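**Student:** Here's a structure for you.
Just so it is clear, none of the values below were taken in a lab; they were calculated from the coordinates. Predicted model only: the values in this text are computed from it and were never measured. Neighbour counts run over all protein chains shown; Cβ positions are idealised from the backbone, glycine included.
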Amino acid sequence: MVSRVIPVDPFDLVIFGGTGDLARRKILPGLFRRFCAGQMPADARIVGAARTDMDTAAYRAMVSDAISEFGGEFACEGTTLEKFLQQIDYISIDARGEKGWAELQEKMSGTDRVEAYYFSVSPSLFGDLAERLQHWGMADHESRIVVEKPFGRDLETARALNKTLATYFAESQIYRIDHYLGKETVQNLMAVRFGNMLFEPLWNAQYVDHIQITVAETVGVGGRGEYYDKSGAMRDMVQNHLMQLLCLIAMEPPARFDPDAVRDEKLKVIRALDPVEPHHIARGQYLAEVGNETENPDYRTAVNDPRSHTESFVALKAKISNWRWAGTPFYLRTGKRMSARSSEITVVFKETPHSIFAEDAGRHRNVLSIRLQPNEGITLGVTIKEPGPGGMRLIDVPLDMTFADALGDQDADHVDAYERLIMDVIRGNQTLFMRGDEVEAAWAWTDPLIQGWEARNDVPKPYDSGSDGPTVSTELMRRDGREWRKV
Ligand code: NAP
């Protein structure tokens, strides 16, 4: 199947933090892939901007290296790469000083192309960048800014950041990235829910027993120990990624597939979340990998704080108080150094009200699994008769729609979330970006949970590296007569 690629309008994209890790690993290789796919017009311009002194030639060499290292199968496109590099410039700029701003202004003036400014820098610089863009006349009502996570570390800081950005830019110009929303499956989740008659009538507490959302990583904190220890799994993953997934699963059908209609519905979900009771939260810290303690030490060693109470794992039971979901729990779980790298949403339907197959009564449930990684795809478990003459025995089989199988070579697997989202910025489509009030509502829900365990001086429970989290997480499910899906 051949994918349809519609080129976007000509644009100028300035990447503040253009020499940083995110730019090298995701943004620049992603832009190159869009260039190879024919989506990036030949007269689009990318301007890397960071403090480091270097000329454009040196920056292009850096971009070329980044593409070789992180570009995947697109890494070695000789002449195409050369053409792409010709569209790249570099400016040495200081977000907090005067250096580079006049040059940037000159570069950006006199064009009627889409102007986008990607803030791929520490959030402490967001305000400085916004203020200087305005001062230098680059914050006109056509320009857009893209801001990275973390968006605050609590409600107060998120509010302050929203307020600062709102001083210089309208909400319609601000693109808050949550790259989970750029994943193919996440959008497919909306297509499956709202493009089919099959699921929506069953999508409620009457038919759904519970929902699980798991984002498991095999890696530890790595070199980000110090940063991570100030944050923890709740702030780093739940407040943004897992809550966004929860919203998409739980929201009411929006009247239209447009940014504010979708985001209004997501916001209603967050506002309908009950506070989580302390015994519905399980926190953990990973132990060292047995036999490989030096390379993969325990969490506290990795963050260099033997008394750290920050969680590298958190699981919780959330309840949504509205007509659709009252009585259906949502179990959220995320952690580092778990048994597998996997992100999955599982909708577990209720048992049939009465089984006519006596010996199998109560044993079978339909399970809809939406896999974000690896192997993005959707699987529906259905119950059928076991083939053969052995009588009426039932088994569960998956109806599998792994995108790579179903769609062959079509782009799905190759389009990284970042490249999709950057193209949406250029197109001016905010549907897959978080609105300011959404972010604040998410913090308003998570803040009391964090404050609660800090006030209780809660100590995360240790869990084995390569396991599925601490036993308190298993117990959280067991108490409800349920169990986690295998990671
Ligand atoms: P990084 O590797 O530390 O890069 C930071 C960038 O900011 C560098 O290009 C640095 O370049 C530039 N910079 C620092 N101070 C500056 C100043 N005063 N003026 C202009 N530029 C300045 O960080 P990163 O990992 O790329 O992360 C960037 C942002 O993305 C952060 O908000 C991070 O939380 C977020 N994020 C990153 C990832 C990831 O995978 N890396 C994932 C999600 C979110 P110079 O030193 O040359 O100035």
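**Student:** For the chain, what relative contact order do you get, as a whole percent, if you take Cα pairs closer than 8 Å and at least 6 residues apart?
**Tutor:** Working: 888 pairs, mean separation 87.7, N = 487.
Relative contact order comes out at 18 percent.
**Student:** Taking loop as defined by DSSP and a crowding limit of 14 other beta carbons within 10 Å, which trypsin sites (Lys or Arg not before Pro) in the range 1-59 fit?
**Tutor:** Numbers: sites: R4, R24, R25, K26, R33, R34, R45, R51; in loops: R4, R51.
Answer in residue order: R4.
**Student:** How do S172, S231 line up, fewest other C-beta atoms within 10 Å first? Walk me through the numbers on the way to the answer.
**Tutor:** On the way: S172 13, S231 17.
Fewest-to-most Cβ neighbours within 10 Å comes out as S172, S231.
**Student:** Under 28 Å Cα to Cα from K317, which lysines show up? Leave out anything in the same chain fewer than 8 places away.
**Tutor:** Excluding near neighbours in sequence, the set is K149, K183, K230, K266, K268, K336, K350, K461, K486.
**Student:** Let me ask you something else. From the Cα trace of the chain, what convex hull volume per residue do you get, rounded to a whole Å³?
**Tutor:** On the way: hull volume 84.3 nm³, N = 487.
It comes to 173 Å³ per residue, whole-number rounded.
**Student:** What's the ranking of 367-374, 182-189 by average number of surrounding C-beta atoms within 10 Å, highest first?
**Tutor:** The peptides rank, most packed first, as 182-189, 367-374.
**Student:** How about the range 1-98: which GluC sites (Glu not before Pro) there lie in a loop by DSSP and see at most 12 other Cβ atoms within 10 Å? Mind dumping the intermediate values first?
**Tutor:** Working: sites: E69, E73, E77, E82, E98; in loops: E77, E98.
Answer in residue order: E98.
**Student:** Working from Cα positions, state the angle (0 to 90°, nearest 10) between the long axis of helix 417-427 and the longest principal axis of the chain.
**Tutor:** 60
**Student:** Consider just the alpha-carbon atoms of the range 137-274 and return their Rg together with their Dmax, both in angstrom.
**Tutor:** 17.4, 55
**Student:** If you count the DSSP beta bridges with both ends in the range 181-478, what percent of them are antiparallel, to the nearest 5? Working shown, then result.
**Tutor:** Working: 39 of 49 bridges.
Percent antiparallel among DSSP bridges in the range 181-478 is about 80.
**Student:** Report relative contact order for the range 337-387 in percent, whole number only (criteria: Cα-Cα under 8 Å, sequence separation at least 6).
**Tutor:** Values: 70 pairs, mean separation 18.1, N = 51.
Computed value for the range 337-387: 35 percent relative contact order.
**Student:** If you don't mind, there's one more thing I want to ask. Which chymotrypsin sites (Phe, Trp or Tyr not before Pro) in the range 251-319 sit in a loop by DSSP (not H, G, I, E or B) and have at most 15 other Cβ atoms within 10 Å of their own Cβ?
**Tutor:** Values: sites: F257, Y286, Y299, F313; in loops: F257.
Here the chymotrypsin sites (Phe, Trp or Tyr not before Pro) that fit, given the DSSP loop and packing criteria, are F257.
**Student:** Scan around G18 for amide H atoms under 5 Å from its own, H built in the peptide plane at 1.01 Å from N, and keep only partners 5 or more places away or cross-chain.
**Tutor:** When sequence neighbours closer than 5 places are left aside, the close amide H contacts are A49, A50.
**Student:** Right, next: Evaluate the range 233-313: find the radius of gyration of its Cα atoms, find its Kirkwood radius, and give the ratio Rg to Rh.
**Tutor:** On the way: Rg = 18.4 Å, Rh = 15.6 Å.
Using Cα coordinates only, the ratio equals 1.18.
**Student:** Taking neighbour Cβ counts within 10 Å as the exposure measure, how do H354, H135 sort from fewest upward? Working shown, then result.
**Tutor:** On the way: H354 6, H135 12.
Least to most surrounded, the residues fall as H354, H135.
**Student:** Quick one: what are the phi-derived ³J(HN,Hα) couplings along the range 207-214, Karplus 6.51/-1.76/1.60 with θ = phi - 60°, whole Hz, x for glycine and proline?
**Tutor:** For the range 207-214, the Karplus curve yields 10, 9, 6, 6, 10, 10, 10, 10 Hz.
**Student:** Then there is this: Could you list K266, K163 so that the one with the fewest beta carbons within 10 Å of its beta carbon is first and the one with the most is last? Working shown, then result.
**Tutor:** Numbers: K266 24, K163 11.
By the 10 Å Cβ count, ascending: K163, K266.
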